[in-house]
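Colleague: Pasting a structure here, questions to come.
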Amino acid sequence: MDSMANRIHVTELFGLYGPMLTEKQYKCLSMYLDEDFSLSEIGEDLGVSRQAVHDLLSRARQKMEDLETELGLAKRQQQQREALNAIYEEISQLANEDNAGKVKDILAHLEPFTSRA
């Protein structure tokens with residue numbers, strides 16, 4: 001889980017599929033992603049070796065990837081974000097002096113659901 005894009009992807013999957021992991025996988029991944037613990041620190045806390053933590057993280061990630069393959073929730077969320085971004089752009093181009101305030105209000109409602117948030 002080295003690159004930033006990879007970490008973001010795993011974090012997204014964890015938000016969606018974390019509750020479907022075992023309690024130990026969930027705790028381990030939460031410590032790694034949310035609390036930025038090292039493998040050694042996690043191992044110390046869980047009473048296992050660094051290698052066991054690595055294996056636990058790998059199995060948790062694989063389980064989430066498998067769930068994503070089956071359910072496609074992360075992919076669907078990304079598609080929705082892209083669609084909302086496109087709608088946001090189209091609406092922003094409709095503004096003129098007669099409706100600028102209303103367009104601004106609509107965009108303000110859309111913004112939390114776009115990549116601008």
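Colleague: What do you get for GluC sites (Glu not before Pro) in the range 1-90 restricted to DSSP loop and a cutoff of at most 11 other Cβ within 10 Å of the site's Cβ? Present the calculation step by step, with values, prior to reporting the outcome.
Modeller: Details: sites: Glu12, Glu23, Glu35, Glu41, Glu44, Glu65, Glu68, Glu70, Glu82, Glu89, Glu90; in loops: Glu35.
When the GluC sites (Glu not before Pro) of the range 1-90 are filtered for loop state and at most 11 Cβ neighbours within 10 Å, Glu35 remain.
Colleague: For a label point 7 angstrom out from the Cα of Glu35 toward its Cβ, which stretches of the range 1-29 have the backbone nitrogen within less than 14 Å?
Modeller: 24-29
Colleague: Moving on to the next point. With the dipole of the chain worked out from charges on the C-beta (+1 for Lys and Arg, -1 for Asp and Glu) around the Cα centre, which of Tyr17, Asn99, Ile87 lies farthest toward the positive end?
Modeller: After comparing all options, I get Tyr17.
Colleague: Still on this model: I'd like the Karplus ³J(HN,Hα) series for the range 88-105: coefficients 6.51, -1.76, 1.60, θ = phi - 60°, whole numbers in Hz, and an x wherever there's a Gly or Pro.
Modeller: 4, 5, 5, 5, 4, 7, 7, 5, 9, 5, 7, 10, 4, x, 5, 4, 4, 5
Colleague: Hey, if you drop one equal point scatterer on each alpha-carbon of the range 4-71 and run the Debye formula without solvent, what base-10 log of I(q)/I(0) do you get at q = 0.18, 0.23 Å⁻¹?
Modeller: After summing over all Cα pairs, the log10 values are -0.60, -0.96.
Colleague: Then there is this: Quick check for me: using +1 on Lys/Arg Cβ and -1 on Asp/Glu Cβ, what's the dipole size of the range 1-75 about its Cα centre, in debye to the nearest 20?
Modeller: On the way: 8 positive and 14 negative charges, 35 e Å.
About 160 debye.
Colleague: Which of the trypsin sites (Lys or Arg not before Pro) found in the range 11-117 are in a DSSP loop and have at most 16 neighbouring Cβ atoms, other than their own, within 10 Å? Mind dumping the intermediate values first?
Modeller: Values: sites: Lys24, Lys27, Arg50, Arg59, Arg61, Lys63, Lys75, Arg76, Arg81, Lys102, Lys104, Arg116; in loops: Arg116.
The qualifying sites are Arg116.
Colleague: Another question, then. For the chain, what is the calculated [θ] at 222 nm in deg cm²/dmol (nearest 500), taking -39500 (n - 2.57) for each run of four or more DSSP H residues and dividing by its residue count?
Modeller: So the helix-based figure for the chain works out to -24000 deg cm²/dmol.
Colleague: What is the extension gain from Glu97 to Arg59, computed as 0.36 nm multiplied by their sequence separation minus the C-alpha to C-alpha distance, in nm to one decimal?
Modeller: Difference between extended and current length: 8.0 nm.
Colleague: Let me ask another. For the residue pair Glu23 and His109, what label-to-label distance in nm results when each label sits 7 Å from Cα along the Cα-to-beta-carbon direction?
Modeller: 4.5
Colleague: Here's a follow-up. Take the chain, connect every pair of alpha-carbon atoms lying under 10 Å apart with a spring to form a Gaussian network, then pick out the residue of Gln77, Gln51, Gln93 with the largest mean-square fluctuation.
Modeller: Gln93
Colleague: Between Gln51 and Thr11, how high is the FRET efficiency from 1/(1 + (r/R0)^6) when r is the Cβ-Cβ distance and R₀ = 22 Å? Nearest 0.05.
Modeller: 0.45
Any read-out appearing in this document is the output of simple, stated calculations on the displayed coordinates, not a laboratory observation. Computed from a predicted model, the values in this text were never measured in an experiment. Positions of Cβ are generated from backbone atoms using ideal geometry, with glycine treated the same way; all protein chains shown enter the neighbour counts.
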